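Novice: Here it is, the structure in full.
The values are calculated or read from the model by the stated rules, or taken from the named source; none is laboratory data. None of these values were measured; they are calculated from a predicted model. Counting neighbours? That spans all protein chains shown, and the Cβs are built from the backbone with ideal geometry, glycine included. Surface accessibility is based on the protein's heavy atoms, side chains included, excluding ligands, DNA and RNA. Shrake-Rupley method; radii C 1.70, N 1.55, O 1.52, S 1.80 Å.
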Amino acid sequence: MGIRERVARLVGEMPRDAQFPSQGATLFVDVERRETITAYTPLGVTRTLLGGRGANMYYLYRLLDESLSPLDPDIPMIFGSGLLTGLVPSAARGNVTSWSPESGVLLDCNAGDYFPSFLRMNGFDHVVLYGKAPTWTVIMIREGVVTFEDGAPYAGMDNIDMRDAIARDTGGTWARNLAMVNITRAGENGVLTSGVMAGPKAIYARGGPRAKMGALGLKAIVTIAQTKEFPTAQPYKPYSRVIAQKLLATSVVKNALSAHGTPFLYKPSRLLGAMGTKNNQETTWTEALDAGHIDQYRPGMEGCFRCPVNCRPLNDLHKATPDRYDKGDGPEYVTLGKFGPNLGIDRIEAVIRLNNICNDLGLDTASAGSALAWAFELYQRGIITTADTGGLELVWGDAATIERLLFMMAAREGFGAVLADSTRAVERGHYPPEAMKYRIAVKGLGQSDPHDARILKAFALGLAVATRGMDHLRNRATLEINARINDNPAFKEELYGGAVSAEPTSYVNKERAVRACENIFAVGDSVGMCRFTTKLFNSPSLPGLEEFRTQLANVTGLQFTEAELEQCGLNVMGVERLINHRLGVRRKDDTLPDRWFDEPNPAGPYKGERIDRGEFDAMLSRFYEISRLTSEGVPQESWRKELAGALGA
């Protein structure tokens with residue numbers, strides 16, 4: 001059965017009218033035939049998986065043909081906004097979901113800025129894309145009306161030029177009535193380390209979504225609409241003010257996020273001796289990259305749609321004759337770590353410039369930084385030489401060479417084509433098999449953040465079981481390093497629904513912390529909330545299930561208990577694991593890089609720590625048990641039947 005038959009069957013089961021106040025339609029787009037169909041997510045799916053990330057999984061599960069390959073145009077690419085996106089403070093997020101060409105498992109990326117909210121302003125909660133356009137195409141959604149425009153004039157453009165051209169050609173104004181998701185040359189060239197840009201810096205990253213969008217012949221989706229009020233079940237603004245006040249009163253928001261952005265996280269990891277350095281060969285780096293050293297280059301802060309936090313740092317290197325990469329947006333903590341210690345760079349000015357280049361080229365700094373660090377270590381060890389790199393010497397800390405390699409990567413030029421294949425470089429014959437020993441990845445995805453998790457066992461478990469690969473944003477139990485919480489066992493037990501060891505290096509009950517975080521973060525993604533302003537990620541005082549429950553009732557009229565929402569979060573993970581099981585993922589894939597098992601942490605107060613294979617395997621089994629998973633990591637039969645019923649499968 002082809003994708004069009006699958007879509008027709010699915011649409012035939014879906015309602016033609018909104019099922020609750022504020023619900024937008026799902027737009028099915030046959031990019032090849034330039035045809036569209038609309039329908040609405042069934043109420044049973046919403047009650048089981050919510051919207052955004054959760055509902056995206058419903059569409060992927062129903063439309064996926066695993067006998068194909070990720071870049072086949074019959075594999076859909078799905079954009080989805082959360083149930084509260086565009087309405088609630090700090091709920092400006094959306095997800096894009098497919099089958100990853102980089103990792104070979106689930107592709108699911110999250111981004112904010114303005115596109116997820118403005119998509120809803122146009123009346124759509126989800127967009128399902130399939131088929132390949134014969135020529136480069138731009139989908140224009142203007143006040144809810146969909147048209148297909150010629151994308152040829154924008155071919156070859158990177159992010160800066162693309163944004164200038166679209167604003168000029170549409171007459172729209174960014175952040176007022178205009179938003180866009182787009183690919184750059186890297187996406188046109190099928191670069192697996194590239195993401196889909198959603199703003200000057202915002203990016204749907206991890207797993208190669210830009211390569212997927214390029215494989216559909218789609219250069220951009222542009223939305224133009226005036227901001228408007230949604231029809232809601234009852235007034236929601238008074239409680240939105242309560243949420244905003246809660247956000248701004250939280251210490252981590254007031255004193256860190258709003259002041260410095262996410263780079264504030266660099267210093268704690270550095271002091272802990274957990275800063276992944278030179279492809280995790282070392283675990284500490286210079287204080288010169290602490291967030292305070294970025295202040296002199298930070299002219300201001302901006303934020304996503306209707307978010308009071310404004311955690312996105314702008315930058316200006318104050319050059320007398322600046323080029324386009326001496327000013328920009330960022331860096332975030334991930335970029336700071338991946339292009340600082342991970343590559344041996346100790347100058348903040350160099351990191352800022354490389355960040356700005358990645359923003360323009362549309363490169364996912366986690367995947368690009370991981371691919372570069374892997375190559376640099378292989379060169380260091382003599383596994384590859386200048387004969388493989390086209391004469392380039394890969395020397396730690398050489399920012400000029402790294403800058404050159406970024407442009408080569410985006411163009412698939414020379415050794416850049418090797419880097420563009422990311423974690424698949426061995427599979428595609430670029431590196432010898434022995435290179436796999438030094439690849440820092442899980443399920444084919446390079447590590448998302450620079451934190452070396454040999455110390456914090458909950459962090460390690462989270463990276464191993466994350467459904468999209470080695471990614472901290474799925475379930476990071478960040479509060480494991482909070483001394484106040486560890487010193488209060490009763491409070492920690494209340495947070496996680498059971499006793500969890502206060503010792504960061506202990507394996508005892510850490511699965512409970514990961515399970516609790518994975519549930520609430522899946523709910524957060526499905527309602528559209530930013531991870532950094534969701535309870536348990538950086539603070540126990542941020543909005544969580546109680547606030548989500550209350551505002552869902554106000555906005556949609558749907559009543560959920562906290563326990564029901566927590567089950568929704570578990571359900572999202574369950575469907576993701578069902579999808580991954582179809583793609584060949586098993587227990588053996590819920591693991592960690594060999595380095596973390598075999599090599600002790602080389603520095604810091606926890607010098608000597610590593611992951612014990614036996615203890616890890618036991619912790620993984622306990623995680624499966626409390627997650628209603630079989631010994632192979634797939635939902636148990638009774639739960640699988642429940643999910644199948646909700647999915648209509």
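Novice: State all residues of segment 383-416 that are among the small types (Gly, Ala, Ser), touching a Leu at 6+ places or on another chain (Cβ under 9 Å), farther than 21 Å from Arg185 by Cα and not in a helix (DSSP H, G or I); if no residue qualifies, say none.
Specialist: Correct list: Gly397 only.
Novice: Given Gly44, Gly54, Gly12, which one is in a helix (DSSP H, G or I) and crowded, with 23+ Cβ neighbours inside 10 Å?
Specialist: Working: Gly44 fails: crowded, with 23+ Cβ neighbours inside 10 Å; Gly12 fails: crowded, with 23+ Cβ neighbours inside 10 Å.
Residue meeting the stated conditions: Gly54.
Novice: Working only within segment 592-614, note down all residues that are buried (at least 17 other Cβ atoms within 10 Å of the Cβ) and in a helix (DSSP H, G or I).
Specialist: Matches in segment 592-614: Arg595, Trp596.
Novice: Output the number of the condition that Arg47 fails; it satisfies all remaining conditions of (1) out of contact with any helix residue (DSSP H, G or I) (no Cβ under 6 Å at 6 or more places or on another chain); (2) more than 30 Å from Ala563 (Cα to Cα); (3) in contact (Cβ under 8 Å) with a residue 40 or more places away in the chain; (4) not aliphatic (A, V, I, L, M).
Specialist: Going through the list (1) out of contact with any helix residue (DSSP H, G or I) (no Cβ under 6 Å at 6 or more places or on another chain); (2) more than 30 Å from Ala563 (Cα to Cα); (3) in contact (Cβ under 8 Å) with a residue 40 or more places away in the chain; (4) not aliphatic (A, V, I, L, M), Arg47 breaks only (2).
Novice: Restricting to segment 87-101, give me the number of residues that are part of a loop (DSSP other than H, G, I, E, B), of a type in the set (Ser, Thr, Tyr) and either out of contact with any Cys (no Cβ under 6 Å at 6 or more places or on another chain) or at pLDDT below 95 (or both). Don't jump to the end; show me each part of the working.
Specialist: Let us first name the residues in segment 87-101 that are part of a loop (DSSP other than H, G, I, E, B), namely 87-93, 100-101.
In the following step, the residues that additionally are of a type in the set (Ser, Thr, Tyr) were identified as 90, 100.
Then drop every residue that is not either out of contact with any Cys (no Cβ under 6 Å at 6 or more places or on another chain) or at pLDDT below 95 (or both), which leaves 100.
Total meeting the criteria: 1.
Novice: Output the number of the condition that Tyr239 fails; it satisfies all remaining conditions of (1) of a type outside the set (Val, Ile, Thr); (2) buried (at least 20 other Cβ atoms within 10 Å of the Cβ); (3) at pLDDT 95 or above; (4) touching a helix residue (DSSP H, G or I) at 6+ places or on another chain (Cβ under 8 Å).
Specialist: (2)
Residue-by-condition table, conditions (1) of a type in the set (Phe, Trp, Tyr); (2) in contact with a Phe, Trp or Tyr (Cβ under 9 Å, 6 or more places away or on another chain):
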site	(1), (2)
Ser370	no, no
Ile384	no, yes
Phe415	yes, no
Asp421	no, no
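Novice: Oh, and also: Filter segment 292-323 down to residues that are of a type in the set (Lys, Arg) and modelled with pLDDT under 95 and give me whichever is nearest to Lys237 (Cα to Cα).
Specialist: Of all residues in segment 292-323, those of a type in the set (Lys, Arg) come to 298, 306, 312, 319.
Among the residues that remain, those that are also modelled with pLDDT under 95 are: 306, 312, 319.
Working: Arg306: 12, Arg312: 24, Lys319: 44 Å.
Filtering first and then ranking leaves Arg306.
Novice: Which ones in segment 242-269 are more than 17 Å from Gly303 (Cα to Cα), open to solvent by 20 Å² or more (accessible area, probe 1.4 Å) and hydroxyl-bearing (Ser, Thr, Tyr)?
Specialist: Ser251
Quick grid of which residues meet (1) surrounded by fewer than 19 Cβ atoms within 10 Å (Cβ to Cβ); (2) at pLDDT 95 or above; (3) in contact with a Ser or Thr (Cβ under 7 Å, 6 or more places away or on another chain):
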{"residue": "Gly557", "(1), (2), (3)": "yes, yes, no"}
{"residue": "Ala563", "(1), (2), (3)": "yes, yes, no"}
{"residue": "Val572", "(1), (2), (3)": "no, yes, yes"}
{"residue": "Asn580", "(1), (2), (3)": "no, yes, yes"}
{"residue": "Asp590", "(1), (2), (3)": "no, yes, no"}
{"residue": "Ile626", "(1), (2), (3)": "yes, yes, no"}
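Novice: Somewhere in segment 542-554, is a residue assigned to a loop (DSSP other than H, G, I, E, B), open to solvent by 20 Å² or more (accessible area, probe 1.4 Å) and either of a type outside the set (S, T, N, Q) or in contact with a helix residue (DSSP H, G or I) (Cβ under 8 Å, 6 or more places away or on another chain) (or both)?
Specialist: We begin by selecting, within segment 542-554, every residue assigned to a loop (DSSP other than H, G, I, E, B); these are 542-544.
Next, from what is left, pick out any that are open to solvent by 20 Å² or more (accessible area, probe 1.4 Å): none.
Checked segment 542-554: no residue is assigned to a loop (DSSP other than H, G, I, E, B), open to solvent by 20 Å² or more (accessible area, probe 1.4 Å) and either of a type outside the set (S, T, N, Q) or in contact with a helix residue (DSSP H, G or I) (Cβ under 8 Å, 6 or more places away or on another chain) (or both).
Novice: Identify, please: which residue in segment 87-103 is touching a strand residue (DSSP E or B) at 6+ places or on another chain (Cβ under 6 Å) and of a type in the set (Ser, Thr, Tyr) and is, among those, nearest to Cys304 (Cα to Cα)?
Specialist: Thr97
Novice: Scan segment 317-345 for residues that are surrounded by fewer than 23 Cβ atoms within 10 Å (Cβ to Cβ) and either more than 26 Å from the chain's Cα centre (by Cα) or farther than 17 Å from Ala291 by Cα (or both) and jot them down.
Specialist: Within segment 317-345, Leu317, His318, Lys319, Ala320, Thr321, Pro322, Asp323, Arg324, Tyr325, Asp326, Lys327, Gly344 qualify.
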